[in-house]
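Undergrad: Just passing along the structure, written as structure tokens.
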Amino acid sequence: MPTSAGPILPNKENLMFMFQPGSTTLFNNFTSSLAPDVAAPSNGAVIGPRRVNVDYTSTYDDTNSSGSYQGTPELSLQNIASSVYNLNTSSTSTYTVSLWVKVVQFPTKYQNTLSYQRSDGDTTKSKRAALAKFDYSYSGTGTQYNGFIQFGAMAPYYKNASGTPNYKSVFSPISFGAAICCAKYQTSVYTDYKFNLNQWYLLTIQLQSNSTFASSAQTLNVKMFVNNSQENIAQCLGIAWKQNASFGSTGHSKIKRAEGYVAGQPGFYNCATGGTVSNASSQSITYNYFMNLSRLNCISYSPILQFGYQGVGAIGGNNGTNTPVQSTTGHNSTFQVGSSINFGQTYIYNTAFNSSLYTQFNSLYS
């Protein structure tokens, strides 16, 4: 934590959780782990190691086809058997997660790419990245199952509705988003493409319940903030920065941005129609089986950790017992394994976002 002469946390009474890499924290109900190739945190941040290929050490490679890659998160916080904080959901109707993040480079795959896409030895860089994942476990009783909140980023889709590759090999500006994933239903909200690579941002997702979070069925008013500004957001089924997904009654595997289910370029541009994807200052989302926010037992910072699938209605199998495993490194999951992402403080409040978080701490991340 900062000293008394440094920045002061706003609304400390409603602070459920805070973590600053490399500093002593008020909260100690968890174990923090750094990947072995990550330098000791400094200035309130952990710097992504920008992993390289084991055989070609001048080439960035987040999948490391030579086999030594383990996908270890830069940073992880865990209390698998319980929770990293104490939260009474029956008296809580607002939940806010904020974290400082800098995307230096999107995940990169060297060699071992599919032959029809690249010749051997070329590099493929993703335009999508999973940033951090907050996992909530199932208690074993009740109707609130496990689930997760995942932050992500996207670079513009490479071609417009006319088929012109106007953003080919262009990786900015970027869009930030948050996926709220519960049993049988996964939804994302995301901003316009208006932010920059290699720049620190404070990302915030705010959930406002229509009752309290103790209920299984929830209608949420969702808002997203970047730095100290509320952003217009669009909504989509599934995880916006996951390229393909089967959803809907047809089970058709949809390429989200190419088919217009997710905006693909600045101005919330629809790459399928040339129009605009619907967006607003907030989004309303209804869940029939909402996750238990009192059981946050694992936070992983890219590459993200995954729980095995188990049980009826399980999302990721987080039952509060099993230890998660490293993300897979197959072609369709490259977005989950980026190592060129920097992380600063994380905050969780049981009240609405306070823009003083940004004004108080942005000097650490300038």
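Undergrad: So, in the stretch 189-210, exactly how many residues are of a type in the set (S, T, N, Q), in contact (Cβ under 8 Å) with a residue 60 or more places away in the chain and surrounded by 22 or more Cβ atoms within 10 Å (Cβ to Cβ)?
TA: 2
Undergrad: Would it be correct to say that Cys236 is more than 22 Å from Val103 (Cα to Cα), buried (at least 21 other Cβ atoms within 10 Å of the Cβ) and in contact (Cβ under 8 Å) with a residue 60 or more places away in the chain? So that I can check it myself, show each step before the final result.
TA: Numbers: more than 22 Å from Val103 (Cα to Cα): yes; buried (at least 21 other Cβ atoms within 10 Å of the Cβ): yes; in contact (Cβ under 8 Å) with a residue 60 or more places away in the chain: no.
For Cys236, the condition - more than 22 Å from Val103 (Cα to Cα), buried (at least 21 other Cβ atoms within 10 Å of the Cβ) and in contact (Cβ under 8 Å) with a residue 60 or more places away in the chain - is not met.
Undergrad: So which of Lys133, Lys109, Lys125 ends up being at pLDDT 90 or above, within 23 Å of Ser340 (Cα to Cα) and basic (Lys, Arg)? Reasoning before the result, please.
TA: Values: Lys109 fails: at pLDDT 90 or above; Lys125 fails: at pLDDT 90 or above.
Among Lys133, Lys109, Lys125, only Lys133 is at pLDDT 90 or above, within 23 Å of Ser340 (Cα to Cα) and basic (Lys, Arg).
Undergrad: Just for the stretch 328-352: of the residues that are crowded, with 23+ Cβ neighbours inside 10 Å and more than 24 Å from Ser42 (Cα to Cα), which one is modelled with the lowest pLDDT?
TA: Among them, the one singled out is Thr334.
Undergrad: Has the stretch 211-230 got any residue that is over 21 Å from Tyr347 (Cβ atoms), touching a residue at least 60 places away in the same chain (Cβ under 8 Å) and buried (at least 22 other Cβ atoms within 10 Å of the Cβ)?
TA: Yes, that holds for at least one residue.
The values are calculated or read from the model by the stated rules, or taken from the named source; none is laboratory data. Just so it is clear, the structure is predicted and the values come from calculations on it, not from any experiment. Quick reminder, even Gly has a Cβ in these numbers, built from the backbone with ideal geometry, and neighbours come from all protein chains shown.
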